[in-house]
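The structure follows.
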Amino acid sequence: MKILVVGDWHSELHEEAVYQAFLQLGHEVSRFAWHLYFKPVGFFYKLIKPVIKAQNKYMLGHIVDKLNKDFLEKAILEKPDLIFIYRGTHIYVKTLKHLRALLPITILVGYNNDDPFSPLYPKWKWRHFLGCIPEYNLVLAYRLHNINEFKLAGARRVELLRSWFMPERNYPIQLTQQEYDKFGCDVVFIGHYENDGRLEYFDKLADAGIHFRIYGPEWHKAPLRPWLTKMGKILPVRGQDYTRVLCASKIALCFFSRLNRDTYTRRVFEIPATATMMLSEYTDDLSTLFIEDKEAVFFRSPSELVAKVERYLADDQLRMNIAQAGYKKVTDSGHDIISRMKQVLTWSEQIQGD
């Protein structure tokens, strides 16, 4: 099958993961990435960098027009069987209408890991994406509550496509003593700061004397705390170091974005895939993915978080048993990227056969 993967492509965890999975499944895959359209080159373009950034942020202007024109031309030239558009914020409705008219047998698939229906986003952010929903043959919902919202927005067909872990990136690593010294801790949280109450949980951990570390963006926006000041500058951790941090930690925490109304997130698969025990916020949705206190551990309040951290730090064997059961769950149940893309291809074949 000829497949064209389209998206911003600023991260190896999103469009690139999809692209590589289709390649591993034996398909002929090409890409269309638009983030470079907004990278100024040369003295003149650096002078107008604020204008370029504004066009990228608000998804309008001659650069966005050009990327739509180039995408359309590439699709017409290659005539793919399937076009997978990842988070199509910059793709115009008229572009997809032209594609449908010119390539009527090509399957158009749209996916968005953010929540375009969340009332916490500005309405202009998702205007192109939402307008394109009726043009896709298949819209893939990241979260359960988006399924009906996509249908009400005019989607032809909607399926739930949860996020994934990547076996080549997320796996148990045998660490050196030097790596343990650098990354090791009792409890780790890898993720962004969000003003959603998560700071209170870390306050309670600090009050209890728990040794924890945080990695991720936006933490400079958090209100000052003594423990936060002591921690110094908090930075994201990427690539192999992301996996090393998880493997060097006894317990890895998981919080969910209120902005995206999340009931699970990608890390609920990545953490167990490293054979590290996951301690996550409880949601009804997450409880359908993991057996509580067998494959993962959940908390519902700051005090419960502290109590469970203390319990599982005190019992190495119990903690490791849960970590191993969580590892088995994600590896045996098809929560990897390859299994996810196999399912996308199955749905696409069903549409072709209709």
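Filter the stretch 250-302 for residues that are touching a Phe, Trp or Tyr at 6+ places or on another chain (Cβ under 8 Å) and among the acidic types (Asp, Glu) and give the result.
Within the stretch 250-302, 262, 270, 281, 285, 292 meet the criteria.
Next up: What's the total number of residues in the stretch 30-45 that are in contact (Cβ under 8 Å) with a residue 12 or more places away in the chain, open to solvent by 20 Å² or more (accessible area, probe 1.4 Å) and either within 27 Å of residue 265 (Cα to Cα) or not in a helix (DSSP H, G or I) (or both)?
The number of residues fulfilling the criteria is 5.
Tell me, please, whether a residue that is of a type outside the set (Phe, Trp, Tyr), touching a Pro at 6+ places or on another chain (Cβ under 6 Å) and closer than 28 Å to residue 288 by Cα can be found in the stretch 171-191. Reasoning before the result, please.
Step one: list which residues in the stretch 171-191 are of a type outside the set (Phe, Trp, Tyr), which gives 172-179, 181-182, 184-188, 190-191.
Subsequent filtering for residues that are touching a Pro at 6+ places or on another chain (Cβ under 6 Å) retains none.
Taking every residue of the stretch 171-191 in turn, none turns out to be of a type outside the set (Phe, Trp, Tyr), touching a Pro at 6+ places or on another chain (Cβ under 6 Å) and closer than 28 Å to residue 288 by Cα.
Which of the residues belonging to the stretch 309-343 are of a type in the set (Gly, Ala, Ser) and more than 17 Å from residue 280 (Cα to Cα)? Quick ask: steps written out before the conclusion?
Start the filter on the stretch 309-343 by keeping residues that are of a type in the set (Gly, Ala, Ser), which leaves 314, 323, 325-326, 333-334, 339.
Passing the criteria: 314, 333, 334, 339.
Still on this structure, I have one more. Collect the residues in the stretch 266-300 that are assigned to a helix (DSSP H, G or I), over 22 Å from residue 199 (Cα atoms), open to solvent by 10 Å² or more (accessible area, probe 1.4 Å) and not small (Gly, Ala, Ser), keeping them in residue-number order. Spell out how you get there, then give the answer.
Of the residues in the stretch 266-300, the ones assigned to a helix (DSSP H, G or I) are 267-273, 284-287.
Checking which are over 22 Å from residue 199 (Cα atoms) leaves us with 269-270, 272-273, 284-285, 287.
Add one more test, that the residue is open to solvent by 10 Å² or more (accessible area, probe 1.4 Å), and what stays is 284-285, 287.
Passing the criteria: 284, 285.
To continue, here is another question. Go through 152, 144, 138, 161 for me and flag whichever is touching a strand residue (DSSP E or B) at 6+ places or on another chain (Cβ under 7 Å) and open to solvent by 30 Å² or more (accessible area, probe 1.4 Å). Can you show your working first?
On the way: 152 fails: touching a strand residue (DSSP E or B) at 6+ places or on another chain (Cβ under 7 Å); 138 fails: open to solvent by 30 Å² or more (accessible area, probe 1.4 Å); 161 fails: open to solvent by 30 Å² or more (accessible area, probe 1.4 Å).
It is 144.
Within the stretch 20-29, how many residues turn out to be open to solvent by 30 Å² or more (accessible area, probe 1.4 Å) and either of a type in the set (A, V, I, L, M) or under 15 Å from residue 164 (Cα atoms) (or both)? Outline the logic, then answer.
From the stretch 20-29, those open to solvent by 30 Å² or more (accessible area, probe 1.4 Å) are 20, 23-28; that's our starting set.
Now drop any that are not either of a type in the set (A, V, I, L, M) or under 15 Å from residue 164 (Cα atoms) (or both), which leaves 20, 23, 25.
Selection size over the stretch 20-29: 3.
Here's the yes/no breakdown for (1) part of a loop (DSSP other than H, G, I, E, B); (2) open to solvent by 40 Å² or more (accessible area, probe 1.4 Å); (3) more than 20 Å from residue 277 (Cα to Cα); (4) not basic (Lys, Arg):
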{"position": "173", "(1), (2), (3), (4)": "yes, no, no, yes"}
{"position": "187", "(1), (2), (3), (4)": "no, no, no, yes"}
{"position": "203", "(1), (2), (3), (4)": "no, no, yes, yes"}
{"position": "214", "(1), (2), (3), (4)": "no, no, no, yes"}
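Would you be able to say whether some residue in the stretch 204-216 is in contact with a Lys or Arg (Cβ under 9 Å, 6 or more places away or on another chain) and in contact (Cβ under 8 Å) with a residue 40 or more places away in the chain?
yes
Let me ask something else about it. What number of residues in the stretch 235-265 are assigned to a loop (DSSP other than H, G, I, E, B), hydroxyl-bearing (Ser, Thr, Tyr) and surrounded by fewer than 22 Cβ atoms within 10 Å (Cβ to Cβ)? Lay out the reasoning, then the answer.
Start the filter on the stretch 235-265 by keeping residues that are assigned to a loop (DSSP other than H, G, I, E, B), which leaves 235-238, 248, 255-265.
Pick out the ones that are also hydroxyl-bearing (Ser, Thr, Tyr) and you get 257, 263-265.
Pick out the ones that are also surrounded by fewer than 22 Cβ atoms within 10 Å (Cβ to Cβ) and you get 257, 263.
Total meeting the criteria: 2.
Quick one: residue 9 ticks every box in (1) part of a helix (DSSP H, G or I); (2) open to solvent by less than 30 Å² (accessible area, probe 1.4 Å) except a single one, so which number is it?
Every listed condition holds for residue 9 apart from (1).
Within the stretch 325-354, work out how many residues are touching a strand residue (DSSP E or B) at 6+ places or on another chain (Cβ under 9 Å), under 16 Å from residue 270 (Cβ atoms) and open to solvent by 80 Å² or more (accessible area, probe 1.4 Å).
Count: 0.
Hey, another quick one. Testing residue 322 on (1) open to solvent by less than 70 Å² (accessible area, probe 1.4 Å); (2) free of Cβ contacts under 8 Å to residues at least 12 places away in the same chain, one condition comes back false. Which one is that?
(2)
The values are calculated or read from the model by the stated rules, or taken from the named source; none is laboratory data. The model shown is predicted, which means the values in this text are computed figures rather than measured ones. So basically every Cβ, Gly included, is an ideal-geometry build from the backbone, and we count neighbours across all protein chains shown. In case anyone asks, the SASA skips ligands and DNA or RNA and just uses the protein heavy atoms, side chains included. Shrake-Rupley method; radii C 1.70, N 1.55, O 1.52, S 1.80 Å.
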